[in-house]
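Note sheet for the following structure.
The values are calculated or read from the model by the stated rules, or taken from the named source; none is laboratory data. Just so it is clear, the structure is predicted and the values come from calculations on it, not from any experiment. We place every Cβ from the backbone using ideal geometry, glycine too, and count neighbours over all the protein chains shown.
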Amino acid sequence: MSIAEKALEALRGGLQGIEAGPRKTSHKDPRKDFEATFKLALEEVNGKYISGTISYIKGTHPGLWERIVKAEERISEAWLRGTEPEFRKNLGEWTNLNFRAIEIFEERDAQRTLFEHKGKIGNQFPGEVNLTKF
């Protein structure tokens, strides 16, 4: 379970004990909106996600992977503290880092496809001689 999921679970658990009805304080608890905001960001990332991205990034770009994990930790910390500006900032960073990871993985696939196409001439592979052209 990721840190963000743990924070979501903790938030849900904390809200279960609150009785329904009007709040006695005049200020709004921003953590109520955090779940919806986080889900929207997650849907955005999942909409672009390509299977295999995480394991590829972990193995080939450990610095990026570490930044993603740390951003996720900061999201959870801000969520638990209820600090909306910090939550939104960290969520934006996490989302952008995930998009970058997906782009890197897409570039790898594009380069692999280009290499495969450059290696072929018609149905010919590198090292094969096409005698029908002579």
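Cβ separations smaller than 7 Å between residues 6+ apart or across chains give the following pairs from the range 34-62 residues that are under 14 Å from ASN96 (Cα atoms) to residues that are β-branched (Val, Ile, Thr): ALA41/THR95; GLU44/THR95; VAL45/THR95; LYS48/ILE102; TYR49/ILE102. A residue that is assigned to a helix (DSSP H, G or I), among the charged types (D, E, K, R) and modelled with pLDDT under 95 cannot be found anywhere in the range 15-28.
Residues in the range 81-91 that are within 22 Å of GLU43 (Cβ to Cβ) and in contact (Cβ under 8 Å) with a residue 40 or more places away in the chain: GLU84, PHE87, ARG88, LEU91. Scanning the range 65-75 for residues being surrounded by 16 or more Cβ atoms within 10 Å (Cβ to Cβ) and either at pLDDT below 95 or closer than 13 Å to ASN98 by Cα (or both) gives a total of 5.
Every listed requirement among (1) without any contact (Cβ under 8 Å) to a residue 24 or more places away in the chain; (2) over 22 Å from GLY59 (Cβ atoms) is met by ALA110 save one, (2).
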